[in-house]
Every structure is written in structure tokens, then in C-alpha cells.
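The values are calculated or read from the model by the stated rules, or taken from the named source; none is laboratory data. A quick note: this is a predicted structure, and the numbers were derived from the prediction, not measured. All Cβ positions, glycine included, derive from the backbone under ideal geometry; neighbour counts span all protein chains shown.
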């Protein structure tokens, strides 16, 4: 069955015995509303960092909270046996905003264990999955290893930042400024998902992202639509025209000039593999009340989210938005738009092309203001990375199902930043599920993800020490 | 100079002497936040109605507050000399919402008198112009006439409703149910504007309106744009496509089928008259920071707002709208859209055409929900209405400038409802100015509009008694 059973058994038993206490610790972290995009939560972000520092200290890490121009970064070091590999674990303690609050069944920062209709136990809270639950799988694995083996099988540096959800510009400068201290052989990141609830996965393809906010302004004040309607330029209409022009209605392709520069064609062998492996459109979209893939014609939902670039409108706002009706002709309208990048797409070029697209469509008397919300390139883990094979085996051993190598539609800019600053590759191992409602109301993390996630890291760290 | 000087002099002097007290009374009414679209302000709406009832009672009206399924209606009666004409005055005590509150220089329900850069004294508050200030010009005229002449020169019925700003469906049934009590020869309405700050006007053309709210829904929950972006239908994108398709970009014309059915061609003689009389595009639009007319190609701003139909997006909302960025792919997006109607355009047909336009553009997996927010036909006052000429002369006498006959881009559904329920025509006489910031932050009413507005009504009531 399990070649390494003798080595891993005691810490795995420890994980099982201590699960309730581990859950209590995760709940304590989940109670801290560390929403990084909201200035009002700055103190909560620091509280989460301090909580993690204390936790790491109790399990033998030399841990500290390090100031940045934004939210602080937690760093911890624990030495392994002489000559053992050195891994750097990355996670983030900040969480997404919770709105719309009215859609939460229970308060987002009062974590609870609930049972879904299928009898699956779930941890429900903002950050349960992204990324506090995932971070704690690694921390608890370190605890179990230390409590049973007296130490870790590899040297571990932990870096937990607080600005992942706010396009944080402070991580890369921090990595660069502390490259000697943070030097390691390999990065481990726990911020991705499984292929499905039974199949563990390592993510080797990540999309990059460009976040942009555009504000269109026309008149110098809100007007009465009866007095000025038709004759005065309506910025909502202008914004809708601009957004509508972002996609070719026939092909679903993004119309920005040069947008597809650097986008690699999908290999037919990969497409076939994914068709065999992954969920069908009906399965993946059916889970959220949809039936057919939108977007680019000719690609499945999986292909579109794993390896095609995208353009999404994440928010739009203008004029009267409350109950009832108001015949206002507003002075401004705004939208938040994100582009996911693949291959060699250049975030700066995409941002510039978007701004040119907007400016080219601005009628007389209108102006546009742009706010940049982060930009990162896509990243790919080399297929011949030495750590990949033992890590896949460790996951396969834990879950009893062959671990998969997958892509991910999301963006984890730290992968390319770690490469750039420290010269190291990353292994992305995570236990989130597609239906975790990450970034949505009622976010959850299955208790199995948490429990077997901790056990998985015990096995992966053991495997990497070999 | 003034043929009727002997008759009108005493009440006009009274108006001048009592201006400060009249302003105090208006301020008391302005302090009541009677926002009819917000359920939380229902008690304030009733308080405004009760305040008016008391005020009317003190000046000799037989006044009462009448319940409706919505906000109450104030009715008052005062008999004039035997055989004198009977006029029905209509106004509304409800006001628009105040958002965005942050743009108000002082609290919207704390009225104050301020002086603008040109030294003009202005009453600043929500409702100062629309319509509390205008309503009180008539009430104060009645007070002055009564206090000097012992009574009114004509019989007066006053109807002041509380749902004008919320598309109130309760006025017409009330008029129909009380048609015997409310019978009169002519309606007087004070809810319109002057041609400019020196030129009084009677409005004879009013546009109708259709208010619609549309909600587009796709997935059954908010999604992470990294996990589902491109592949899952984005309702904001769908809504933008629908809105963008509402206008032909080349001609600026509304694309709804049959939209222009019943829209009369402008007579060339009228166009010439307006060009001579009215502000240029540069003047009317320049006042609000714009330079060129948008909308229908080939029509001036004045023509477009006085006698062409329009389509405006009054509000749009979807996804993440707060500070910062959130890569959500929202489940729903909504817009509030209004159409202004002219000539014989049918509100029901326009609403049906809009809904068909939306449904025809709904992709698979999307649904649309519609909420109707009022509908009314355009209305026109006959040029040969007997009261028109003496009323114009009374205004000319007061202001020293020839009173104008104008159109109005706004909609005052009560005109057609009074015609339908009571069989009477309306004279629309108002003293608002284009820059009153009606429906916007820092709404104001010039002290001259208030003062000379009261004096104007004294003269008009005298003129109608002749």
C-alpha cells in the first residue's frame, strides 16, 4: 500500500487525534475580519498577522511580523536536518470583502461547522477556504510533525502576506529586500484546488491578471433626465457602449488590439486529456445554474478557464441604484474590469490596449479616469521540476486516487514574483473545491479538505526530505 | 405700465412686507424629509401633509388630509365671489431622494438662505424648487389676497399629493373617486420653470414618461471570475450589450421597434421661433460643463428636450461597486431606464417594445425580470385656451418681460390625469430655473423666484377673475 507508512504513521495519527483542537485554532483566525481592501480593517489585518506569529512561535518557528507600506507580512523559520532541502511556504491571511452581507446565512466572521444536504461537514466563514483554511493545513502539518518527530523533515520558511486580495504591491519589494533571508530551494503554495472532491491535484498553469477601474464623466453635475435627457451625454450609456465593444459578439473574442499576442495555441493532446479528465460543460456550469459555456466559441468551459485569456466585468455603478426610481441623468459611471492572462501576454500591454479602447470610444465632452488594480503575468510550473513527482505520489497516497496535474483560471501573482525575486519554482498544492464559494457569500471549506489537507502536507514534507 | 395696478397693489405690498415670515413657513415645510420613494419616510410624508392642512386651514381653506393606498393627499377648498371662475391648484409635497449625500454642501433638510457668486440669494434644500417652494408661492399668494381683500377673487380648490416623485399610481383613482368634489373650470399647476431668470413662462408642451427597471440574472450565485470567467455568462456584459443596442450610434435614434410611432414632425416655424427665443446648445449645455448636444442627430438640445422622445439610463448596478477590487463574476445586474414621450406615443406600447428588445437579446441561461415605474402620455395645452392670454399678461406685468410659451422636457402626468378625470385643461406656471439642481445635490430656488412667484400668482388669480 504505502511505501512510507512507517515514517508517516505517527504524525498522521497525531493529526487525527488533534483535529478538534486544530479546528478551534482555525476558527480563532477566521474570527478576525482581515479584509485587506478596506482601510477600516487595517487593524484586523495586523491582528491576524500577530495571531499567526504567536501560533508559529508555539510550534518552534522563529517568527516575526514585518511592516510594509501596506499590511504586514508574517515570516517564520524552522531549520530541518543538516543537508535537508529548504522549502518556502507561501499563503495569505487577508480575505475578500463580504458584501452582499444580506446573502450570508450566518455572519461571515462567526465560523461554524455545518452539514450540507449530502451530509458533508463544512467550515463556513469568509476565508474558510481562501486562504486561512488552506494556510492552516500547512501550519497544522508542521505542528504534528514537530510534536511527534521533534522537528521538521525539511527546513521551512513561512511567508504569509496580507494583501493578496487587494492586488498588493508590497510583496515583491519585500521578497527582493529580504532575498538572503528568504532563500530556499522550492516554494510551496496552498491557494489552489483539487480536481474534484476525491482527486487531489497540483496546479501547474496559472493565469495572470490585469485589474482596471474606469470612471466616465460627462456633465459637471447630476442632471434631471427630463430637462437634459437625450441632449446631454449620458456616461452610463457611454460606458455600456465601451463594454459592449470589448467582445466580438460572433466569436466571443476580446476585441482589444494585440490582446491575443503571446497566447499559445492549445495542443490537441492536452485538449483530449482534459476532455477525458475534467468535468463537461454541463457538469461544471450545471453546478452554478448554467448549462452552456459563454465566452470564446470553440472552447469548453474548462479550456476557457484553464488556458484561454478572459475579460470580465466585475462591477458596474452609476446613477440611482436604490429602490424605487429617480429620473437622474448622472454625471459619472464606473466599472471594474479584469483580464486573465495566459502564456506570454504582457499585463502592461493589455492595460494600455484597454485604455486605448476606452479613449477611442469617448465622445466629445466625456473624460475617462483609470485606476490600476494590479497586474501579473501567467506562470507555468516546469513539467520536469524534480519535486513534482514525489509530491504527486504523496498526494496519491493520502487520497487513494491518482493525483492530477491541472490548470487554474485564477491568478496567483506570487508564483512569478518568487521566481523573479528568489529564483525558485513553486509547487501549487491546495484542497479547495470548485463549490467553495470563494469570494462569494457563505464561503466554505470542507472538513475533509482541512483534515486530509493537513495529512497531505505531512506526507509531502516527508516526501520532499527523501 | 400696469392696467390692474389699483386692484393688485394692496396684496402685492402685503407679499413684500411678509416675505420673511413666508420664508420661515417654507423652511418649516422643507425641514420635513418627505421622500416618497423610501418606505422609511412614510411618516414624514404624512407629517408634510398634516403641516399643509394646518397651513391651509389658517388661511381660510376647508382643508383635510385624505388617505390613499400610498401617501395621503391634501385637499382644501375656499369659495370665491358668486359666479367667479373655479380653479384647481395642483402641487406635490413629496421630494426626491437626496443621495449622494456626500455631495451636499449642507444637510438637505436643513434649509438655508445663501448667496451665490453672482450675489443672487437662493433657498437651498431638497424640495426648495421641486416642489415645496413652488407650492408655497401659491399658498402665500392666497394668504396675501385673503389678508388684504378678505377673500380670494376666484373659487380655489387645492390638491397637493405626495407621490409625484414615485410614479404614484394613487392620484388618478383619487381624482376619479372625488370628481364631484374636485370639479373646477381650470387647473393651475406650479411645477415648471421660467425661460430664464428674467423671463416668465407658461409651459404648454409636456413629455410623457415610461419608467422601467430590468434585472438580468445568469448563474444562481456570485462566482469567482478566475474560476468561471469567460465560460460563465456575465450579466453585466449582457446588460451592457442590451443598453448599447438601445440607440443607433450613427443617428442617435432609439432603436425600439415602433418607438417613433405617433411622434409628430416639428413644424419649421416652431423651430425658427425656438432658435430665436431659446438658449443655444452652447448656452444650455455649457451651464453644466458640456459643449455639444448628444442624442438625435439634427436636433438642438432645446428641440430634443422639448419635443423629441428620449431614452435615458438613470441607474445601473452590478457586482462589486465599492472601493478597491474584487474579482467577482456577479449573478445579477440591473438598470433603471426611462423613456420620455411626445405626441401620441403610447406608454404601454413603448414598455412592451423595450421588454421585447431585452428578451430578444437574452442569451441562453439568462433571465430578465421587469419592474414598471409609472407611465404617462405626453400632454399639450391648447393654444386657444381662454385663460392663457390673461395669465401671460399677468406674468408679463409682474416680471416686466414678455412672458413666453414654452415646452418642457419633464413629465407631469397629472396634466393628462386632470383632463381624464375632471375634463379640465391645465395652465402650467412655474418659477424654477434650469440651474435649480432639481433631483440633484444642493437643490435651490432663487429668492426672486419665491418672492415674485407669490406676486405672480396674486396677479394671475386677479386676472382670471376678470
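Values for this structure:
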{"quantity": "Hits in the range B:302-332 - residues which are facing chain A (nearest Cβ under 7 Å), closer than 19 Å to residue A:337 by Cα and at pLDDT 95 or above", "calculated": "B:315, B:316, B:317, B:318, B:319"}
{"quantity": "Breaking point among (1) outside any helix (DSSP H, G or I); (2) buried (at least 21 other Cβ atoms within 10 Å of the Cβ); (3) not assigned by TED's automatic domain parsing to the domain that holds residue A:224, for residue A:339", "calculated": "(3)"}
{"quantity": "Qualifying residue in the range B:57-71 (condition: on the phi > 0 side of the Ramachandran plot and at pLDDT 95 or above)", "calculated": "yes"}
{"quantity": "Hits in the range A:12-53 (condition: over 19 Å from the mean Cα position of the chain (by Cα), within 14 Å of chain B (Cβ to nearest Cβ) and over 15 Å from residue A:73 (Cα atoms))", "calculated": "A:39, A:40, A:41"}
{"quantity": "Residue B:77 being touching a strand residue (DSSP E or B) at 6+ places or on another chain (Cβ under 9 Å), touching a residue at least 12 places away in the same chain (Cβ under 8 Å), within 19 Å of residue B:138 (Cβ to Cβ) and assigned by TED's automatic domain parsing to the domain that holds residue B:127", "calculated": "yes"}
{"quantity": "Hey, residue A:139 crowded, with 24+ Cβ neighbours inside 10 Å and more than 17 Å from the chain's Cα centre (by Cα) or not", "calculated": "yes"}
{"quantity": "Hits in the range B:49-73 - residues which are surrounded by 20 or more Cβ atoms within 10 Å (Cβ to Cβ) and under 12 Å from residue B:163 (Cα atoms)", "calculated": "B:49, B:71, B:72, B:73"}
{"quantity": "Single condition residue A:128 does not satisfy, out of (1) in contact with a strand residue (DSSP E or B) (Cβ under 6 Å, 6 or more places away or on another chain); (2) surrounded by fewer than 24 Cβ atoms within 10 Å (Cβ to Cβ)", "calculated": "(2)"}
{"quantity": "Tally of residues being at the interface with another protein chain (Cβ under 7 Å from one of its Cβ atoms), under 19 Å from residue B:242 (Cβ atoms) and in contact (Cβ under 8 Å) with a residue 40 or more places away in the chain across the range A:220-246", "calculated": "6"}
{"quantity": "So residue B:343, is it at the interface with another protein chain (Cβ under 9 Å from one of its Cβ atoms), out of contact with any helix residue (DSSP H, G or I) (no Cβ under 6 Å at 6 or more places or on another chain) and at positive phi", "calculated": "no"}
{"quantity": "Residues of the range A:168-203 satisfying the condition of being crowded, with 21+ Cβ neighbours inside 10 Å, under 26 Å from residue A:349 (Cβ atoms) and out of contact with any helix residue (DSSP H, G or I) (no Cβ under 8 Å at 6 or more places or on another chain)", "calculated": "A:168, A:203"}
{"quantity": "Checking residue B:217 against (1) within 21 Å of residue A:225 (Cα to Cα); (2) within 13 Å of chain A (Cβ to nearest Cβ); (3) in contact with a helix residue (DSSP H, G or I) (Cβ under 9 Å, 6 or more places away or on another chain), the condition it does not meet", "calculated": "(1)"}
{"quantity": "Hits in the range B:74-107 (condition: surrounded by fewer than 24 Cβ atoms within 10 Å (Cβ to Cβ), in a loop (DSSP other than H, G, I, E, B) and in contact with a helix residue (DSSP H, G or I) (Cβ under 8 Å, 6 or more places away or on another chain))", "calculated": "B:80, B:81, B:84, B:85"}
{"quantity": "Residue A:424 within 21 Å of the chain's Cα centre (by Cα), over 23 Å from residue B:225 (Cβ atoms) and touching a residue at least 24 places away in the same chain (Cβ under 8 Å)", "calculated": "yes"}
{"quantity": "Complete set of residues in the range B:288-307 that are surrounded by fewer than 24 Cβ atoms within 10 Å (Cβ to Cβ) and under 16 Å from residue A:237 (Cβ atoms)", "calculated": "B:292, B:296, B:297"}
{"quantity": "Among the residues listed as A:240, A:258, the single one being surrounded by fewer than 20 Cβ atoms within 10 Å (Cβ to Cβ), in the same structural domain as residue A:218 (by TED's automatic domain parsing), in contact with a helix residue (DSSP H, G or I) (Cβ under 8 Å, 6 or more places away or on another chain) and within 25 Å of residue A:368 (Cα to Cα)", "calculated": "A:258"}
{"quantity": "Residues located in the range A:142-162, provided they are surrounded by 18 or more Cβ atoms within 10 Å (Cβ to Cβ) and modelled with pLDDT under 95", "calculated": "none"}
{"quantity": "Unique residue being touching a strand residue (DSSP E or B) at 6+ places or on another chain (Cβ under 9 Å) and outside any strand (DSSP E or B) when the list is A:28, A:22, A:48, A:42", "calculated": "A:48"}
{"quantity": "Identity of the residue in the range A:289-301, touching a residue at least 40 places away in the same chain (Cβ under 8 Å) and on the phi < 0 side of the Ramachandran plot, that ends up farthest from the other protein chains (Cβ to nearest Cβ)", "calculated": "A:297"}
{"quantity": "Failed criterion for residue A:275 (all others in (1) at the interface with chain B (Cβ under 9 Å from one of its Cβ atoms); (2) surrounded by fewer than 24 Cβ atoms within 10 Å (Cβ to Cβ); (3) modelled with pLDDT under 95 hold)", "calculated": "(1)"}
